[in-house]
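One structure is given below, encoded as structure tokens.
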Amino acid sequence: MVRASRIGRLLLALSLLASAGCARLIGGEAGVVLEAIEYGPGRTELGRITPPPSRTRLAEADLWLPGAGTPRASLVLAPGFSEAGRDDPRLQPLAESLARAGFAVRVPELPGAQNLTLDPTDIAAMRRAAAAEAAAGRRVALAGISFAAAPALLAGQGGAAALIVTLGGFHAMEDLAIFAATGAHRAPGEAGWRRDAPSPFAPGAFLLAVAAALPDGTDRLVLRVAAHRLLAEPSAPLGDLMPQLTPSGRAALALVQERVPEAVPARLAALPPVVRERLAALDPARAALGTCTLAIHGLADTVIPWTQSAALGAALPPGRSVVITVPGFGHVEPAGVPPEGQLALIRAMRLLLAWRDGADPCEGAMAGRGAPTPPRPS
């Protein structure tokens, strides 16, 4: 009875963490910032104790600055695939909250991500944004959400960035294609496949990215129709579209219709050279990564599996990564995260705030710590 009572009290304490107020109290500044990101600063403690930041519309970016004092560091923040780009309403509370926390937050225009394509010019846009912040005399971190993790990782090598942060990002384009088509993925060192049902966004978005690089205009148009069918329903019939496509277009459609993980590399190799080159240019697995990277990934992500951030951590040199997996967290949605997930998010935010104040997240006990490998479902 005594032991059961203690367990009950522990479970009650953990359940209280699910409320924003208790998470704020236990998480300190990190909890206050996370609360503002989830609920919007205007309704939270961070909004009460800090003045509103300024937001300046520049030609290539929005710049958010703290409402009082000098920025303590800079964060170049890139949303993933979003036609709204820097005006995405999901991005506003994030940028505002981080500016209230003392960051200069620069949100660049990424033509590829905004057009729902994988465009290497996004790497140059990230580099220009980082250079602009470095020219202002500030330490710079690059943050990429979802598909924007690739340009963030690639722009951050050998440049102005001292830190790279990814949220729901990926390491290898081939693995991303395998998951989008088949739902198969695996953690570093695993021989067998884990199987999950990918979100409709995964195959649809990957097909949009591939279609945009095809040389034939009819192929691009027809495959956009196919992609939007997949976005609405993953099992949507696509056979009626095949006769309208060139061999290159049929190869792209066959890729997302493949259901055997081991066959996906051959499907990728069958794409026309211009598409393969475009995908290779945005493949972090082909780059020599070395900048300290904080990779955050939800274990409930059905767009890009958490094993991709685990692979990213394993690919970086020892002591150059911290991988934090978040139980109950989806792709980029913070709402409804259970207590253990909130604790993981608090840890990640504490590392980012410590970097703001001069610390190196990749030093000390955190260095090289990879993501725990969740057991396979029974």
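The values are calculated or read from the model by the stated rules, or taken from the named source; none is laboratory data. Because the structure is a prediction, the values reported are computed rather than measured. Here the Cβ positions follow ideal geometry from the backbone for every residue, glycine too, while neighbour counts run over all protein chains shown. Note: accessible area is taken over every heavy atom of the protein model, side chains too, but ligands, DNA and RNA are not part of it. Shrake-Rupley method; radii C 1.70, N 1.55, O 1.52, S 1.80 Å.
Are any of the residues in region 186-198 of a type outside the set (A, V, I, L, M) and in a helix (DSSP H, G or I)?
no
Would you confirm whether any residue within region 159-180 is touching a His at 6+ places or on another chain (Cβ under 6 Å) and part of a helix (DSSP H, G or I)?
Yes.
Going by the structure shown, is Thr302 at pLDDT 95 or above, under 17 Å from the mean Cα position of the chain (by Cα) and polar (S, T, N, Q)? Give the derivation first.
Values: at pLDDT 95 or above: no; under 17 Å from the mean Cα position of the chain (by Cα): yes; polar (S, T, N, Q): yes.
Against the criterion (at pLDDT 95 or above, under 17 Å from the mean Cα position of the chain (by Cα) and polar (S, T, N, Q)), Thr302 does not qualify.
Suppose we filter region 245-267 for residues that are open to solvent by less than 10 Å² (accessible area, probe 1.4 Å) and charged (D, E, K, R); how many remain?
Residues that pass the stated criteria total 0.
Could you tell me how many of the residues in region 336-370 are under 20 Å from the mean Cα position of the chain (by Cα) and either among the polar types (S, T, N, Q) or modelled with pLDDT under 90 (or both)?
Of the residues in that region, 6 qualify.
So which residues in region 131-149 are of a type in the set (Gly, Ala, Ser), crowded, with 24+ Cβ neighbours inside 10 Å and part of a helix (DSSP H, G or I)?
Hits for region 131-149 are Ser146, Ala148, Ala149.
Taking the stated definitions as given, is Ser309 within 27 Å of Pro234 (Cα to Cα), assigned to a helix (DSSP H, G or I) and either modelled with pLDDT under 95 or within 15 Å of the chain's Cα centre (by Cα) (or both)?
For Ser309, the condition - within 27 Å of Pro234 (Cα to Cα), assigned to a helix (DSSP H, G or I) and either modelled with pLDDT under 95 or within 15 Å of the chain's Cα centre (by Cα) (or both) - is met.
Which of the following residues is more than 20 Å from Ile164 (Cα to Cα), open to solvent by less than 60 Å² (accessible area, probe 1.4 Å), in contact with a Ser or Thr (Cβ under 9 Å, 6 or more places away or on another chain) and of a type in the set (A, V, I, L, M): Leu116, Leu110?
Among Leu116, Leu110, only Leu116 is more than 20 Å from Ile164 (Cα to Cα), open to solvent by less than 60 Å² (accessible area, probe 1.4 Å), in contact with a Ser or Thr (Cβ under 9 Å, 6 or more places away or on another chain) and of a type in the set (A, V, I, L, M).
Looking only at region 205-222, count how many residues are open to solvent by less than 10 Å² (accessible area, probe 1.4 Å), of a type outside the set (A, V, I, L, M, F, W, C) and in contact (Cβ under 8 Å) with a residue 40 or more places away in the chain.
The qualifying residues number 0.
State which residue is surrounded by the fewest Cβ atoms within 10 Å (Cβ to Cβ) when the search covers only region 338-360 and only residues that are touching a helix residue (DSSP H, G or I) at 6+ places or on another chain (Cβ under 7 Å) and within 11 Å of Leu34 (Cβ to Cβ).
The selected residue is Arg350.
For region 113-125, which positions are part of a helix (DSSP H, G or I) and in contact with a Leu (Cβ under 6 Å, 6 or more places away or on another chain)?
Applying the first criterion (part of a helix (DSSP H, G or I)) to region 113-125 yields 113-114, 121-125.
Of everything in region 113-125, those that are part of a helix (DSSP H, G or I) and in contact with a Leu (Cβ under 6 Å, 6 or more places away or on another chain) turn out to be Asp122, Ile123, Ala125.
Could you please let me know if Val264 is modelled with pLDDT under 95, closer than 20 Å to Met173 by Cα, among the aliphatic types (A, V, I, L, M) and part of a helix (DSSP H, G or I)?
no
Among the residues of region 281-298, is there at least one that is out of contact with any helix residue (DSSP H, G or I) (no Cβ under 8 Å at 6 or more places or on another chain), open to solvent by 50 Å² or more (accessible area, probe 1.4 Å) and closer than 23 Å to Met126 by Cβ?
Yes - at least one qualifying residue is present in region 281-298.
Test Leu154 against the stated conditions and say whether it is part of a helix (DSSP H, G or I) and at pLDDT below 95.
Judged against the criteria, Leu154 is not a match.
Take the residues of region 60-81 that are over 23 Å from Phe147 (Cα atoms) and among the hydrophobic types (A, V, I, L, M, F, W, C): which is farthest from the chain's Cα centre (by Cα)?
Ala68
Please work out if Leu77 is in a helix (DSSP H, G or I), in contact (Cβ under 8 Å) with a residue 24 or more places away in the chain and not small (Gly, Ala, Ser). Explain how you work it out, then say what you get.
Working: in a helix (DSSP H, G or I): no; in contact (Cβ under 8 Å) with a residue 24 or more places away in the chain: yes; not small (Gly, Ala, Ser): yes.
The answer is no for Leu77.
For region 223-244, which positions are under 14 Å from Val210 (Cα atoms), more than 24 Å from the chain's Cα centre (by Cα) and buried (at least 16 other Cβ atoms within 10 Å of the Cβ)?
Hits for region 223-244 are Leu223, Ala226.
Quick one: in region 321-335, of everything that is touching a strand residue (DSSP E or B) at 6+ places or on another chain (Cβ under 7 Å), modelled with pLDDT under 95 and not small (Gly, Ala, Ser), which residue is farthest from Gly158 (Cα to Cα)?
Ranking the candidates gives Phe329 first.
With Arg9, Arg3, Arg55, Arg48 as the choices, which residue is of a type in the set (Lys, Arg), modelled with pLDDT of 85 or more and either crowded, with 22+ Cβ neighbours inside 10 Å or more than 24 Å from the chain's Cα centre (by Cα) (or both)?
Residue meeting the stated conditions: Arg48.
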